[in-house]
């Protein structure tokens, strides 16, 4: 049976001041109906009902996760006491799935991406499941066809097509985030895909791979999984999980495995990694501005404006900027400088204004 | 005796969104201790106590004026039912003063200028009063020595010094707001002063001048002044005042009178006509930013930041901008484009958002 595992460990600092420490990106409703985590669960629901849906999140976000996803069983919301990257997160979920369903297939997806249309996503997952039916040992990644020379994503060089599968390919190699020149080469070459962080594989396969490559990690996870269904499971998870090494599933398994394949995803995908995503995902007006909320502008061009509630944001002579208003904080930034939001947050902390983080 | 007449009819749209229709500039405390109107009354208080202080204001601002100036007698707060420029305002005040003091000397001052230091202002008024003692027919203007080729002010070309007076001069002519080239010529010539809109004269003198040049205006004002001290004074003022022609005291009297003299004012003066005044009147930090309120900036230079209450304004890569946050509206504008605030307010009205004006 197919199960959905939603990784919801993100801190979402890049959407400050709308995202905060206690309200990361996956909880925001900036991009379509419902929050990103609600959309993530929703688009998987025809594949795996809520009682086959699992969420892995951090302690600070457990309450909000439960509130936003009332249909997901409380026992399926796995609370990490601290972040240890994706390998422990996925390994823990795999062991939990296997306890309920030894034949479980896992769809692993981040909580905070935008994917459209849902029908294409569902069809792609079904292609991946069909591939696993014939090749149960495979680790299937979703690769996104690049539409620009993005430097912010890892790339996958695809090789030969898998026999009998529909646009599923061997992986020649993983490539780290490239510089612009290399990214342009990748784009022109045509056989490179973005690593979406969406995976489909059998739970027993990924556990076996982790046993092979990360025995220490599996030892810790087994100490936890022994208590699945017990009253002290959550307590054991909280106590033992910090002992996991912090490592990504890519680095722990995928980049070394011969069984990895990449499925060319047919859907629109955006990891909404910064405020400029708002302009990609919402229409622009005749001046190139993307506006959410109340705004009046004079000679304002190519700006992204977000205003919460009934607050009015006004701009005069502003070009290529993002203006974000929230109840207690406002950001005005050149669109080019968004990457500096992290630096800004450090400066806010240094100024003793932690209450705004 | 010297009486103070504070003209408080300003709408202060240029300080939107801090100033609003119901809270124009004179009520704001952006520039030093207390609001501008409190500062204006305060700096005159050693010259004329509160019971010799008069305020002329609009109906919309009468309550706030009374609240901010509890020491000024209610009968001295003259409420114009509509704006008719400065000649009717000054003529009305002159008639009211004469009813209390036939020998009254009027110090007329706008409510919304910044003047520092107070001691120099007091000394200048005393020089003007001394000049009037010797030349009771004179209309004494305060002229400001220009420190830049400003194009937003009227200029006064000064002539010969008045015998026996300390830097009080005949007026050769009034010059309207010049273009930049002419303003630079004025600055270099050295005998041009800015028209500050601050005047000292005998009340009977200005009434006589108005009788000569604006007989229709004086007819209307006399219909009002007949009721001074009566229970129906306020009602009469409200009914009759709209019949006054709308005309400035400069155009009605000063530009045609041979008795005008200009006193070279020794004090610092700023009419705080736009947000850039904030940078002139407050210190800048090492990046050239002027900050009032909570602000954290990354690569932010030559900006003026105002944030109300505990709201945090943050900026990244912003140069030469003003950012103003208030509870229900925010302005982000290039400093060059401040004059467009008026255009912005029209656009806000056109968008049906009058509640923000």
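Observations on the structure shown:
- Selected residue (only one of A:136, A:146 is in contact (Cβ under 8 Å) with a residue 24 or more places away in the chain and either in a helix (DSSP H, G or I) or over 23 Å from residue A:256 (Cβ atoms) (or both)): A:146
- Matching residues in the range B:21-39 - criterion: being under 13 Å from residue B:324 (Cβ atoms) and either crowded, with 20+ Cβ neighbours inside 10 Å or touching a strand residue (DSSP E or B) at 6+ places or on another chain (Cβ under 9 Å) (or both): B:30
- Check on residue B:66, out of contact with any helix residue (DSSP H, G or I) (no Cβ under 6 Å at 6 or more places or on another chain), under 24 Å from residue B:230 (Cα atoms), at pLDDT 95 or above and in the same structural domain as residue B:235 (by TED's automatic domain parsing): yes
- Condition met for residue A:237 (surrounded by 18 or more Cβ atoms within 10 Å (Cβ to Cβ), in contact with a strand residue (DSSP E or B) (Cβ under 9 Å, 6 or more places away or on another chain) and either in contact (Cβ under 8 Å) with a residue 24 or more places away in the chain or not in a helix (DSSP H, G or I) (or both)): yes
- Exactly one residue among A:348, A:305 is more than 7 Å from chain B (Cβ to nearest Cβ), closer than 21 Å to residue B:307 by Cα and either part of a strand (DSSP E or B) or free of Cβ contacts under 8 Å to residues at least 12 places away in the same chain (or both), and that residue is A:305.
- Scan of the range B:37-63 for residues that are assigned to a helix (DSSP H, G or I), in contact with a helix residue (DSSP H, G or I) (Cβ under 9 Å, 6 or more places away or on another chain) and under 22 Å from residue B:271 (Cβ atoms), ordered by number: B:37, B:38, B:39, B:40, B:41, B:42, B:43, B:44, B:61
- Of B:42, B:34, all but one fail to be free of Cβ contacts under 8 Å to residues at least 12 places away in the same chain, closer than 27 Å to residue B:275 by Cβ and more than 14 Å from the chain's Cα centre (by Cα); the exception is B:34.
- Odd one out for residue A:247 among (1) exposed (fewer than 15 other Cβ atoms within 10 Å of the Cβ); (2) outside any helix (DSSP H, G or I): (1)
- Which listed residue, of B:73, B:81, is in contact with a strand residue (DSSP E or B) (Cβ under 9 Å, 6 or more places away or on another chain) and either touching a residue at least 60 places away in the same chain (Cβ under 8 Å) or within 22 Å of residue B:32 (Cβ to Cβ) (or both): B:81
- All positions within the range B:66-98 that are part of a helix (DSSP H, G or I) and within 15 Å of the chain's Cα centre (by Cα): B:86, B:87, B:89, B:90
- Some residue of the range A:157-164 being more than 19 Å from residue A:132 (Cα to Cα), within 23 Å of the chain's Cα centre (by Cα) and surrounded by fewer than 19 Cβ atoms within 10 Å (Cβ to Cβ): yes
- Scanning the range A:310-340 for residues that are facing another protein chain (nearest Cβ under 7 Å) and either crowded, with 16+ Cβ neighbours inside 10 Å or outside any loop (DSSP other than H, G, I, E, B) (or both) yields a count of 19.
The values are calculated or read from the model by the stated rules, or taken from the named source; none is laboratory data. This one's a predicted model, so the numbers in the text were calculated from it and none came from an experiment. In this analysis, Cβ positions are derived from the backbone assuming ideal geometry, glycine residues included, and neighbour counts consider all displayed protein chains.
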